[in-house]
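Remarks on the structure that follows.
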Amino acid sequence: MSIKAFELVPAIERLKLMSDKAKTQIECIDVCGKNLYIGTNDCFVVHYILEERPTQAGRMAFHNEKQGHKYLALKKPIDQLRAASALNRILVLCDHTLTMLNMLDLEPVMSGAKVKGVTYFCLNDNPVRGNPFSVEVCVALKKKQIQLYTITEDRIIHVKDVSIPEQAIRIGIDGHFICAALASQYCMVNFETGQLQDLFPYDSESTKPVVKRISKEEFLLSGPSALGMFVTSEGISQRPPMQLSDNLLGVSYVHPYIVSLNDEFITVHSILDQQQKQAIPFQGGANIGDFDGRVFISSAKEIYALVPVAWEKQVQALLADKRVQEALDLAKNANHAGLSKDKFLKIYRRFQQQAAFIEFSQQNFDEAKELFKGGKVDVRELLSLYPGLMPSSSNFTRSIPVLHEIADVNNLCKDNEEMKKDYKKFLRNYLEEIRGTKDGHGFKQVIDTVLLKLYAEINWPELIPLIAVDTGCDLKESVEWLEKYERYHALGLLFKYHGENDKAMQIWSRLVNGEIKDELFPGLEFVVEFLSNINDPELVWKYVDWALEKDQELSVKIFTERPSNEPPTERFRPETVIDYLHRFPKAVIAYLEYLIFQKKLEKEKYHTHLAVLYLDSVLQLMKNNNVKKEHLDNARSKLRHMLQLSNMYRVQLILGKVKEQDMHAECAILYGKLEEHDKAMKILVHKLKDYVAAENYCFVNSQGKDSTYRKRLFHILLGVYLDPSNERKDLLVTPAVELLNRNVTEFDTAKVLQLLPENWSVQLVKQFLSQTVRKSMNFHRTIRIERMMSRGENLWVKEASIQMQKSPIQMNDDKMCAVCNRAFSDPTFVRYPNGIITHVHCAKNKHVCPVTGKLFSICSKNS
Amino acid sequence: MTTSSADKRKADLKVIILGDFAVGKTSLICRYIEGKFRPHETTIGAAFFLKQWGPYNVAVWDTAGDEKYTGLQSFYCRNAGAAILAFDLNHESSFESLWARFLPLLDNANEDCLKVVVGTKLDLLQPGSREVTQEEARRFSREINNNIDLKKLDREPYFETSSKTGQSVTEMFEFIYQYCLPLSEHEKKSAVETKRTSAFNTSTVDLNKPAVSSPKRTNCCSR
């Protein structure tokens, strides 16, 4: 997987200086700001000024100008060069000696400070001491030792020696830690404590050791089999190794890339995923170095710069290759220097958006969904990919520059219908998720309209809730769409939501009539409920006829189940409704039942009307011979219930009709209403022979009246049982005896005894008699007790009265009324039990003392 | 994906897997991390996976079984809190290698390093093809863990797994975590939750994370 992370740009083509000497070769380089230093194999140090000059085409180019050169007169190659700009010096390693030159004129320092026997040196980029005018340098010596120096402008100050088991070939330093490549292994040395930790062995035959400081306390080493090994100062690895190329000459690091050089290639690896990203063929490479984040590479004669391609471009390139994850990782981890968080976020969002559409086009829906959300993609951008779904009211145009190259979903799917379905399913899920969240903010109408379209297409059950509750659907467009897919019930709901009840009713009435079909439509009940709940009499009256013709009993609910908070209107006055309902007998009954039993309206007219209607329906059933008994019974019990419960109807009217038909039970009730209990009970006993009902009758008709009334009723009943004029009175002995024996408390014994036929044995009524005797004894004794107690109480009161009156009260002119404080002129006065004396007319309440407010009770002993 | 976003965080536990070439170390880890079985290329050097365990980060290091990397393996064993010693149940030689080649490497690991012996490729086991008995593997697992108190474990540190079917794989890893980073029941539950959501983590930008800038640039004037 490749990406163009860097561009190779020539910095200094041929060394002009050495044109006369063909043998001269670049040995080492260093770049510091605009200064570029070259150390040659024939002991020259050459100084160039290098300036970046972008060409008109926007590419980077370099302009170089030679400043000067210095021959060190050692006839040995310059092994290493490092500029120390803080000191205005360059450190030069040549012939195992470390010396210093002035950075600008390349003259040796006056002090002549130097270190001998050095094989390699490095600067501490993470210095331990904070002096900005000194540089910490670590050197590897020919002997088994590493030395630390602090270098100032003209002095090299020895700090520390560290002994190591073998000679160090390469070293790197960070803080207190020196990572050293020894002859056969790498080790990590803490120069403060002298602690040495072996890392891992390498084969010095096949591997050129490399120690590259990557970041704080982390180094990259070249391991066996060309593995680039990451090591922290703790001696462990926190990243997996990366496979670098063989014959590695050196590595550089520009976040997030590791650039490595061998004799044929420049190779770029990402430190993020350890994968190779780019390879640039480069023959004869010798040195590689990163200087202030710029990578330079030299061959024997030429110097090149590796100019990083802007990370935005790299991300764009990755996205173009549809390498989404890589692109986003890079975007997140790239060097965002010079970008504020907001700016970066803006750029990153755009990449996320592009990525989202890439994942989308590859049907990676989960990833796409997250990216759509994360990238805050304008939902219309996505919708515009679905032909026909975008609301026509939206004048959306895709953002420019384009986020994707997708024409539309149909184009993506070619003719694959399954895939199209998947895409629509994705859109549905996505919209459902963002609906009502901040992601969907501001697009409610668009989202709802599109969802409606999607639901309508597949007849999804969510369609109904979508429309019925807080919908933002665009009416006109939704109507067209719903009609197209024949989602009529939803259409009705939509009209209803938008207050177009008439249109809604048109749809629903057609649905009920079966002219159009929709399986989601719940049926007539729904329409009735709707009509009963809308506050629009015009509409109700318009459709009520139709509804009643469909189903009277159901449709009457339009009137009976009006919302409780609906103010009473002229249009729904009971009289009006009843008049109207005249054609629909069942509906009338239901409506009257509602008025009487639920609303508890006490109008004779309604009650009589209902009773008559009940009666009519019973009569109708009776006429018809082949009606099931249950039906008839049902109808009659309804009638009886009504007759019994209500007191408002015109009894005579009903009675007349009932009598004609020999409806005895009803007759009995009606006689009861007329207080003609004798007649009623005769019917019950003789005609119906229902003795339980007869007894019941006594209870029911005496309800709410005093006990003597009930007694009277029972006596009437008994009289009916024992009527001597009755021919078949023997049959009634049993119920009579039972009645006596059970309801004994309700009878006046003396009257009963008169009634009883002479031929009855005492045995027959023994139970009644004994209970009666017991009862009257009890009654007699209770009365006596009461009488005695009353007498006692009377004595008590008398005594109290005597007590109070026994002391004389002297009245004279000095005595004043306690209330009005005037003298007494009449001989009458009032004395309260507590001695307060007032005029008769001043004693307003004889139980309350007018002065102290004390209460006096007549029976209270203490008063 | 896991490595790129998470490598900056320090791991609370390092688990290393060792074992002979082609015993299925990478497959074992992939079965655990990705939940699926797929063929793998030979691991080069080592590979690295980060896993959430409750509040902890666990670094799982996969090593290359190839003998040429032996020198590196001992380096990668450094600071390991737990080691998985994997062998192929169908090859006795791979079991012997554990003792001969890999056990000495663990000298670099933590002193109290838990060593779990894992037999792989259980699904390939035919009647008669087993070359390592359960008893000897169990005995081996007890012997090599004499540095720790075995009574603290609720079972012997020996598992027989199949990366193809996933048998015992998750149990084995969670056995290790539960020993090294014990979680309460409640935390365990939420650990399962994060397992589910972690897939989305990488698609968001962490605004609290400091912008990564080149470390070289800042040091310019101290040269």
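The values are calculated or read from the model by the stated rules, or taken from the named source; none is laboratory data. Since this is a predicted model, take the numbers as computed values, not measurements. Glycine gets a Cβ as well: all are built from the backbone with ideal geometry, and neighbour counts include every protein chain shown. What goes into the accessible areas is simple: the full protein's heavy atoms, side chains included, and nothing from ligands, DNA or RNA. Shrake-Rupley method; radii C 1.70, N 1.55, O 1.52, S 1.80 Å.
Check A:LYS600, A:LYS550, A:LYS586, A:LYS557 and return the single one that is on the phi > 0 side of the Ramachandran plot and either of a type in the set (S, T, N, Q) or open to solvent by 30 Å² or more (accessible area, probe 1.4 Å) (or both). Step by step, each of A:LYS600, A:LYS550, A:LYS586, A:LYS557 is checked, and only A:LYS600 is on the phi > 0 side of the Ramachandran plot and either of a type in the set (S, T, N, Q) or open to solvent by 30 Å² or more (accessible area, probe 1.4 Å) (or both). Scanning the range A:753-768 turns up no residue that is small (Gly, Ala, Ser) and surrounded by 10 or more Cβ atoms within 10 Å (Cβ to Cβ). Reported count of residues in the range A:107-122, each being surrounded by fewer than 19 Cβ atoms within 10 Å (Cβ to Cβ) and in a strand (DSSP E or B), is 3. Among all positions in the range B:11-23, there is at least one residue which is within 11 Å of chain A (Cβ to nearest Cβ), within 16 Å of the chain's Cα centre (by Cα), surrounded by fewer than 23 Cβ atoms within 10 Å (Cβ to Cβ) and in a loop (DSSP other than H, G, I, E, B).
Counting the residues of the range A:81-106 that are within 21 Å of A:ASN41 (Cβ to Cβ) and open to solvent by 40 Å² or more (accessible area, probe 1.4 Å) gives 3. Scanning the range A:205-217 for residues that are open to solvent by less than 40 Å² (accessible area, probe 1.4 Å) and at the interface with chain B (Cβ under 10 Å from one of its Cβ atoms) returns A:ARG213, A:ILE214, A:SER215. When the residues of the range A:190-204 are filtered to those that are part of a loop (DSSP other than H, G, I, E, B) and open to solvent by 70 Å² or more (accessible area, probe 1.4 Å), the one that is modelled with the lowest pLDDT is A:ASP203.
Residues of the range B:48-71 that are under 21 Å from B:ARG101 (Cβ atoms), modelled with pLDDT of 85 or more and of a type outside the set (S, T, N, Q): B:VAL60, B:TRP61, B:ASP62, B:ALA64. Within the range A:573-594, residues that are touching a residue at least 24 places away in the same chain (Cβ under 8 Å) have Cβ atoms under 6 Å from residues that are not hydrophobic (A, V, I, L, M, F, W, C) in these pairs: A:LEU581/A:TYR591; A:PHE584/A:GLN552; A:LYS586/A:GLN552; A:LYS586/A:GLU553; A:ALA587/A:GLN552; A:ALA590/A:GLU553; A:TYR594/A:THR560, counting only partners at least 6 apart in sequence or on another chain.
Taking the numbered list (1) in contact with a His (Cβ under 9 Å, 6 or more places away or on another chain); (2) within 14 Å of chain B (Cβ to nearest Cβ); (3) not charged (D, E, K, R) in turn, A:VAL115 passes all entries but (2). Return yes or no: is A:PRO833 free of Cβ contacts under 8 Å to residues at least 60 places away in the same chain and surrounded by 10 or more Cβ atoms within 10 Å (Cβ to Cβ)? Here the answer is yes, as A:PRO833 does meet what is asked. With (1) open to solvent by less than 30 Å² (accessible area, probe 1.4 Å); (2) touching a helix residue (DSSP H, G or I) at 6+ places or on another chain (Cβ under 6 Å); (3) within 13 Å of chain B (Cβ to nearest Cβ); (4) not β-branched (Val, Ile, Thr) as the list, and A:LYS373 as the residue in question, which single condition is left unmet? It is condition (1) that A:LYS373 fails. Restricting attention to the range B:79-101, the residues that are open to solvent by less than 20 Å² (accessible area, probe 1.4 Å) and within 14 Å of chain A (Cβ to nearest Cβ) total 2.
Close Cβ contacts (under 7 Å, 6 or more residues apart or on different chains) running from residues in the range A:66-87 that are within 12 Å of chain B (Cβ to nearest Cβ) and touching a residue at least 24 places away in the same chain (Cβ under 8 Å) to residues that are open to solvent by less than 70 Å² (accessible area, probe 1.4 Å) and among the basic types (Lys, Arg) comprise A:ALA83/B:ARG223; A:ALA84/B:ARG223; A:SER85/B:ARG223; A:ALA86/B:ARG223.
Within the range A:338-348, the set of residues being surrounded by 15 or more Cβ atoms within 10 Å (Cβ to Cβ) and either more than 9 Å from every other protein chain (Cβ to nearest Cβ) or not in a helix (DSSP H, G or I) (or both) comprises A:LEU339, A:ILE347. Listed here are the helices (runs of 4 or more DSSP H) enclosed by the range A:363-473 that have at least 1 residues being over 24 Å from A:VAL324 (Cβ atoms) and aliphatic (A, V, I, L, M): A:444-458, A:463-468. So, A:MET788, is that one among the hydrophobic types (A, V, I, L, M, F, W, C) and loosely packed, with under 11 Cβ neighbours inside 10 Å or not? So A:MET788 fits the description; yes. May I ask you to list the residues in the range A:28-60 that are without any contact (Cβ under 8 Å) to a residue 60 or more places away in the chain and assigned to a strand (DSSP E or B)? Matches in the range A:28-60: A:TYR37, A:GLY39, A:THR40, A:PHE44, A:VAL46, A:HIS47, A:TYR48, A:ILE49, A:LEU50, A:GLU51, A:GLU52.
Scanning the range B:47-72 for residues that are facing chain A (nearest Cβ under 9 Å) and part of a helix (DSSP H, G or I), we see that the one that is surrounded by the most Cβ atoms within 10 Å (Cβ to Cβ) is B:LEU72. Checked against the criterion of being modelled with pLDDT under 75 and more than 30 Å from A:ALA587 (Cα to Cα), the candidates A:PRO537, A:PRO461 yield just one match: A:PRO461.
From the list A:ASP616, A:ASP633, A:ASP662, which residue is at positive phi and either part of a loop (DSSP other than H, G, I, E, B) or modelled with pLDDT of 75 or more (or both)?
A:ASP662 is the lone residue from the list that is at positive phi and either part of a loop (DSSP other than H, G, I, E, B) or modelled with pLDDT of 75 or more (or both).
With respect to the conditions (1) touching a Phe, Trp or Tyr at 6+ places or on another chain (Cβ under 9 Å); (2) within 12 Å of chain B (Cβ to nearest Cβ); (3) open to solvent by 20 Å² or more (accessible area, probe 1.4 Å), A:ASP125 falls short on a single one, namely (1).
Assess whether A:GLU519 counts as being closer than 30 Å to A:PHE372 by Cβ and not hydrophobic (A, V, I, L, M, F, W, C). No; evaluated as a whole, the condition is false for this residue.
Test A:LYS517 against the stated conditions and say whether it is open to solvent by 70 Å² or more (accessible area, probe 1.4 Å) and more than 27 Å from A:PHE584 (Cβ to Cβ). Yes, satisfied. Would you point out the residue of the range A:474-510, among those that are closer than 19 Å to A:LEU524 by Cα and polar (S, T, N, Q), that is most open to solvent (accessible area, probe 1.4 Å)? Here the answer is A:GLN506. Please indicate, with yes or no, whether at least one residue in the range A:160-178 is acidic (Asp, Glu), assigned to a strand (DSSP E or B) and within 24 Å of A:GLY289 (Cα to Cα). Among the residues of the range A:160-178, at least one is acidic (Asp, Glu), assigned to a strand (DSSP E or B) and within 24 Å of A:GLY289 (Cα to Cα), which makes the answer yes.
Suppose we keep only residues that are among the hydrophobic types (A, V, I, L, M, F, W, C) and more than 11 Å from every other protein chain (Cβ to nearest Cβ) within the range B:24-46. Which one would you say is surrounded by the fewest Cβ atoms within 10 Å (Cβ to Cβ)? Only one residue fits best here, namely B:ILE33.
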